[in-house]
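First up is the structure itself, then whatever we jot down about it.
The values are calculated or read from the model by the stated rules, or taken from the named source; none is laboratory data. This is a predicted model, so every value here is computed, not measured. Note that each Cβ is placed from the backbone with ideal geometry, even for glycine, and that neighbours are counted across all protein chains shown.
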Amino acid sequence: MTRLEVKDLSVGFGDVIVQRQISFKVAAGSIFAIMGGSGCGKSTVLKAMIGLLRPSLGSIHVDEEDYWAASDERRAEIGRGFGILFQSGALWNSMTVAENIAFPLKMLTPLDDDAIAALVRVKLLLVGLGSVGESMPADLSGGMRKRAALARALALDPDILFFDEPSAGLDPVTARRLDDLIQELRDGFGTTVVMVSHELPSLLGICDDGIFLDAETKTAIAHGAPRVLRDECTHPAVHAFMNRERMPGDPGGLHGHH
Ligand SMILES: Nc1ncnc2c1ncn2[C@@H]1O[C@H](COP(=O)(O)OP(=O)(O)OP(=O)(O)O)[C@@H](O)[C@H]1O
Ligand SMILES: [Mg+2]
């Protein structure tokens, strides 16, 4: 079953086109990767998918419904099925971790305070942060902050989780734990995951399918599971990106950063 379909999508700012003619389908319950070098437009494509940027051309379908053709109210309603973890992973620093997770529940559900508190505890346990609800975000490690932001993204029991560079800036062990958690959420709840990532271990370890965006041609140059792209894609840019850890003396690869 297709949960999301992107058809001939072009995105940009004003007259500047960032990516054009992007088409792909995300199967329900899959982990789908948006790959590509720095600045190629991954976050911009993701923004169109979560309602933050109106496409210049093309369409995005959520369970066959045309997301951007819908009214603002209807689009917001569809968006309530989305859980989002931004590239900056930002929690609200003036609120405790528990208040951060409670916030979407307070804003968007009729639940009372006791029910919300119970749900917050469940979400924190789910991401392995049972004891930090009363902490302030600034007092947590980077990995814990990402988990707390994930707990917040899970607050409304999303059907689709969108991640922008979930493991960027984390050490490899912490990044691996976050990947395991994402996979567990998919396996346990059938959540569909769309993930922007540069990190080869994440891409190769947990993603079932994906698309590779190119900054030069401003369009997709490969489709498929990251592992298959690594082993079989002959496009030089894709090959270099997917095989960069195999090149001695090159710490970051083609467009390595973060
Ligand atoms: N609000 C904006 N207004 C104008 N241009 C923008 C805006 N946001 C991004 N861009 C430009 O769009 C292009 C794509 O940016 P985007 O952030 O989508 O890339 P990315 O692939 O996510 O990069 P990174 O890997 O560094 O996160 C860049 O050239 C960027 O400068
Ligand atoms: Mg980005």
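Here are the numbers for the structure shown:
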{"item": "Those residues of segment 41-52 which are within 9 Å of ligand 2 (Cβ to nearest atom) and over 11 Å from the mean Cα position of the chain (by Cα), in sequence order", "result": "Gly41, Thr44"}
{"item": "Single residue of segment 19-40 satisfying the filter (aliphatic (A, V, I, L, M) and surrounded by fewer than 22 Cβ atoms within 10 Å (Cβ to Cβ)) that is nearest to ligand 2 (Cβ to nearest atom)", "result": "Ala27"}
{"item": "Failed item, numbered, when Ser88 is tested on (1) surrounded by 18 or more Cβ atoms within 10 Å (Cβ to Cβ); (2) within 16 Å of ligand 2 (Cβ to nearest atom)", "result": "(1)"}
{"item": "Pairs where the first residue, in segment 41-53, is at pLDDT 95 or above and charged (D, E, K, R) and the second is within 10 Å of ligand 1 (Cβ to nearest atom) and assigned to a loop (DSSP other than H, G, I, E, B), C-beta under 8 Å, 6+ apart", "result": "Lys42/Gly36; Lys47/Leu53"}
{"item": "Test for Glu5: is it touching a His at 6+ places or on another chain (Cβ under 6 Å) and farther than 21 Å from Glu165 by Cβ", "result": "yes"}
{"item": "Residue match in segment 119-126 (condition: away from ligand 2 (no atom under 16 Å from the Cβ), assigned to a loop (DSSP other than H, G, I, E, B), without any contact (Cβ under 8 Å) to a residue 12 or more places away in the chain and outside the structural domain of Glu199 (by TED's automatic domain parsing))", "result": "no"}
{"item": "Options Asp15, Asp8: the member that is charged (D, E, K, R) and at pLDDT below 95", "result": "Asp15"}
{"item": "Residue selected from segment 98-139 under the condition farther than 19 Å from Ile84 by Cβ and of a type in the set (Ser, Thr, Tyr), by the criterion surrounded by the fewest Cβ atoms within 10 Å (Cβ to Cβ)", "result": "Ser131"}
{"item": "Check on Ser88, without any contact (Cβ under 8 Å) to a residue 24 or more places away in the chain and under 24 Å from Pro166 (Cβ atoms)", "result": "yes"}
{"item": "Qualifying position, being under 25 Å from Arg20 (Cα atoms) and basic (Lys, Arg), among Arg80, Arg54", "result": "Arg54"}
{"item": "Cross-chain or 6+ apart pairs with Cβ under 8 Å, segment 207-218 first and crowded, with 19+ Cβ neighbours inside 10 Å, then of a type in the set (S, T, N, Q) and assigned to a loop (DSSP other than H, G, I, E, B)", "result": "Cys207/Ser197"}
{"item": "Residue among Gly210, Gly224 that is at pLDDT 95 or above, farther than 29 Å from Leu140 by Cβ, out of contact with any Phe, Trp or Tyr (no Cβ under 7 Å at 6 or more places or on another chain) and not hydrophobic (A, V, I, L, M, F, W, C)", "result": "Gly224"}
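Each row is one residue, and each column tells you yes or no for (1) within 12 Å of ligand 1 (Cβ to nearest atom); (2) farther than 23 Å from Cys207 by Cβ; (3) in a loop (DSSP other than H, G, I, E, B).
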site	(1), (2), (3)
Arg20	no, yes, no
Gly37	yes, no, yes
Ala48	yes, no, no
Pro55	no, yes, yes
His61	no, no, no
Glu73	no, yes, no
